[in-house]
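The values are calculated or read from the model by the stated rules, or taken from the named source; none is laboratory data. It should be emphasised that the depicted structure is a prediction, and the values quoted were computed from it without experimental measurement. Using ideal geometry, Cβ is built from the backbone for each residue, glycine included, and neighbour counts are taken over all protein chains shown. Heads up: the accessible areas ignore ligands, DNA and RNA and are worked out on the full protein's heavy atoms, side chains in. Shrake-Rupley method; radii C 1.70, N 1.55, O 1.52, S 1.80 Å.
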Amino acid sequence: MLPKLSREKLIDLCRRMLLIRHFEEKLILLHNEGRFSGHYHVYIGQEATGVPALSCLGPDDYLFTTHRNHGHLLARGAEPKRLLAEILGRRDGYNKGKGGTFHTNVSALGFLHTSAVVAGIIPLAGGTAYAAKAKKSGQITACLFGDGALEEGAAPESFNLASLWKLPVLYLCENNGKYGRGRAIGAAQSSTMAAYPLTDLPAAYKIPAEQVDGTDAGAVHAAISEAVEKIRRGEGPQFVETQTVRWPGSESNWPVVPVPTEFSLAWDLSAVPDAVKEWYRECDPILIFVRELVEGKVVTKEEIGKVEEKVREEIAQAAEFALASPYPELETALEGVFA
Amino acid sequence: MREIAYYEAKLEALREILAADERVHLITDTLTGFLGLSPHRARFREIAERYPERVISPPISELAFCGLGIGAAMAGLRPVVDVVTASFIFEAWPQVVNEAANAFYMSGGQTRAPVVFHVLHGLRGGGAAQHSHSPQAMLWNCPGLEIALPSSPRDVKGLLKTAVRTDNPTVFVDHGSLFEVRGPVPEGDEAIPFGVADIKRKGKDVTVIATSYMVQRSLSVADRLAQEGIDVEVVDPRTLVPLDFTTLIASVEKTRRVVIVDECRQSCGVAAELAARIAEAGFDKLKAPIRRVTTLDVPVPFSRPLEDFISPSEGRITEAIRTVLR
């Protein structure tokens, strides 16, 4: 279902989702060309989670994200060109090339720190929430992590603290392995958690927790808006688990693009290889959203085509900018250890 | 100048820090309050009661409450987190060394995390293997952390004030055996800047570089050796990061003999690093090989004679000084 938002807002959500998708697909191509080294994680398949969820936050709220951060940063308004420059290790990256894909953060947007340790941010989120509560600033903290984060002890320890101290924090757990078989057979979904459903874990610490379909932008928006409202009312931490089906391009360790996304796939999957057709038909959150927009007569196909065309241009320019950005001066490796 | 006990100076610093800056929050078990097992620990209660909003007692979750301190620091507070026994910082290791230490650097300078972690390190008489660590050398291997090691009433007050003011994450490595030491402490602010070593005792025959409680132990050895006409200079770096190597090497160049006393293990310890730096910078100035007096490379045994045997004892310090003077 569509989020209950104005036409302009809905088109903006669509634009941000497409921006993330095209960014990630471009990134995969650049990696395949050998333009940057190291492992990386893309957000494809979760766009209808991050974009509507983050649209529920205020401009001064804090956010923390993980190794799978590109989508969150773009959803919040990060510039694709500076994000890409960072991932390519260039001087104009948000972190001056010192963070890379694992650690890109944009403090001006409220992202104070990005940790590539799966649960590394969960204790930190309690800290910004604690500070906001102490200062009575009204800010909340959104802590964005994957289902694997719950396997680390940092998660339950932090849930305990947040619950005891009624900290204003939103835990958004993006479970991208809805039908996964788990790394240990017999375990729940993609995680190896005995606590199943995953919401059992925060619930044990008396944190209200609910599950929502992460490919349903309207459902995500409704659940997060409500959780955010409760937090702002002083009801303490809230936990939302969103469920998506892992994008088949991420099945291997190194992502591959089975078919470049264009909005018209929403109605015509003939270009999609048979092996991955089912995902694009049933689980691709962008195609679902685009169909809802058009079939709900919010926008026409032509209008979406225009939005996508502009997104493509922006990504092309971002790539040009990032590739032209020089590598940082070598001496900078020795600078900025201390404030 | 008035003389007060070390623990009093420490409490005074905490009181003044809280009064001066409302961004300061203390995360500590209010029953121990930065004094560990000291019989004076109840003295902290008065501070806790005065600032109920800013002195909070966490559950036994070092990982979560150290991380909470870091996050709160990122959002503009000045949290001082009491980990109590230094061995417990391992429970919070991922947050301290992998989040706090890296935050400023890997964000390209966007994010500061001015948090203070307070620990009580070292051999304490019956602490055995799991309550006796001196993690400062391990911490020194994690760029991004400042490390302070007070050794006197004046230093604990002055360094604690600076720890709260610096914009970097700081590990404040204290030692329970220092709490009863008495010494002059100026009234008023008297923050001691980081990166300034202190010559605790002037001497001309041999330099002893010592940290934390080992400063006090080295000073008693020096007093005893003075009766034999051996004039020991005791130099205390006070902070490892930043390190005032200039003062250390100047003393070594003057006496041309050096013993380094520290409670970390011998291998890859604080003494090992200082010895390496001195050897690189001034090997030709030395008249005798550098000697290290450290905790021996074994887990800490419980039985008291065994614990004493592996410790950097006055006997071993004395022997090392005699060796470099030979």
Quiz item: Within segment A:31-45, is even one residue within 20 Å of A:ILE122 (Cα to Cα) and under 11 Å from the mean Cα position of the chain (by Cα)?
Solution: yes
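Conditions tested, residue by residue: (1) more than 13 Å from chain B (Cβ to nearest Cβ); (2) under 19 Å from A:PHE36 (Cα atoms).
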residue: A:PRO59; (1), (2): yes, no
residue: A:LEU63; (1), (2): no, no
residue: A:ALA78; (1), (2): no, no
residue: A:ARG82; (1), (2): no, yes
residue: A:LYS98; (1), (2): no, yes
residue: A:HIS103; (1), (2): no, yes
Quiz item: Quick one: would you say B:ARG112 is of a type in the set (Lys, Arg), facing chain A (nearest Cβ under 9 Å) and touching a residue at least 12 places away in the same chain (Cβ under 8 Å)?
Solution: yes
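For (1) more than 11 Å from chain A (Cβ to nearest Cβ); (2) among the aromatic types (Phe, Trp, Tyr); (3) touching a residue at least 40 places away in the same chain (Cβ under 8 Å), each residue gets a yes or a no:
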{"position": "B:ALA19", "(1), (2), (3)": "yes, no, no"}
{"position": "B:GLY67", "(1), (2), (3)": "no, no, no"}
{"position": "B:ILE70", "(1), (2), (3)": "no, no, yes"}
{"position": "B:GLN95", "(1), (2), (3)": "no, no, no"}
{"position": "B:HIS121", "(1), (2), (3)": "yes, no, yes"}
Quiz item: Of all residues in segment A:156-180, which are surrounded by fewer than 24 Cβ atoms within 10 Å (Cβ to Cβ) and either more than 14 Å from chain B (Cβ to nearest Cβ) or within 21 Å of the chain's Cα centre (by Cα) (or both)?
Solution: A:GLY177, A:LYS178, A:TYR179, A:GLY180
Quiz item: On the given criteria, is A:LEU112 touching a residue at least 40 places away in the same chain (Cβ under 8 Å) and more than 13 Å from every other protein chain (Cβ to nearest Cβ)?
Solution: no
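Yes or no, residue by residue, for (1) closer than 23 Å to B:GLY126 by Cβ; (2) touching a Lys or Arg at 6+ places or on another chain (Cβ under 8 Å); (3) surrounded by fewer than 19 Cβ atoms within 10 Å (Cβ to Cβ):
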{"residue": "B:ALA222", "(1), (2), (3)": "no, yes, no"}
{"residue": "B:GLY229", "(1), (2), (3)": "no, no, yes"}
{"residue": "B:GLU233", "(1), (2), (3)": "no, yes, no"}
{"residue": "B:LEU240", "(1), (2), (3)": "no, no, no"}
{"residue": "B:GLY269", "(1), (2), (3)": "yes, yes, no"}
{"residue": "B:GLU280", "(1), (2), (3)": "no, no, yes"}
{"residue": "B:ASP308", "(1), (2), (3)": "yes, no, yes"}
Quiz item: Would you pick out the residues in segment A:105-145 that are under 24 Å from A:SER37 (Cα atoms) and among the hydroxyl-bearing types (Ser, Thr, Tyr)?
Solution: A:THR114, A:SER115
Self-check item: Test set (1) touching a Phe, Trp or Tyr at 6+ places or on another chain (Cβ under 9 Å); (2) in contact (Cβ under 8 Å) with a residue 40 or more places away in the chain; (3) open to solvent by less than 10 Å² (accessible area, probe 1.4 Å) - B:LEU11 fails condition number
Solution: (2)
Self-check item: Matching residues in segment A:46-83 - criterion: being out of contact with any Gly (no Cβ under 6 Å at 6 or more places or on another chain), among the charged types (D, E, K, R) and within 22 Å of A:ALA155 (Cβ to Cβ)
Solution: A:ARG68
Quiz prompt | strands (runs of 3 or more DSSP E) (entirely within segment B:131-195) containing at least 3 residues that are open to solvent by less than 30 Å² (accessible area, probe 1.4 Å) and of a type outside the set (Lys, Arg) | solution = B:146-148, B:170-174
Self-check item: Residues satisfying the stated conditions in segment A:115-138, i.e. among the hydrophobic types (A, V, I, L, M, F, W, C), outside any loop (DSSP other than H, G, I, E, B), without any contact (Cβ under 8 Å) to a residue 40 or more places away in the chain and open to solvent by less than 10 Å² (accessible area, probe 1.4 Å)
Solution: A:ALA131
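Just checking, which of B:GLY122, B:GLY126 is part of a loop (DSSP other than H, G, I, E, B), in the same structural domain as B:ALA9 (by TED's automatic domain parsing) and open to solvent by 10 Å² or more (accessible area, probe 1.4 Å)?
On the way: B:GLY122 fails: open to solvent by 10 Å² or more (accessible area, probe 1.4 Å).
The match here is B:GLY126.
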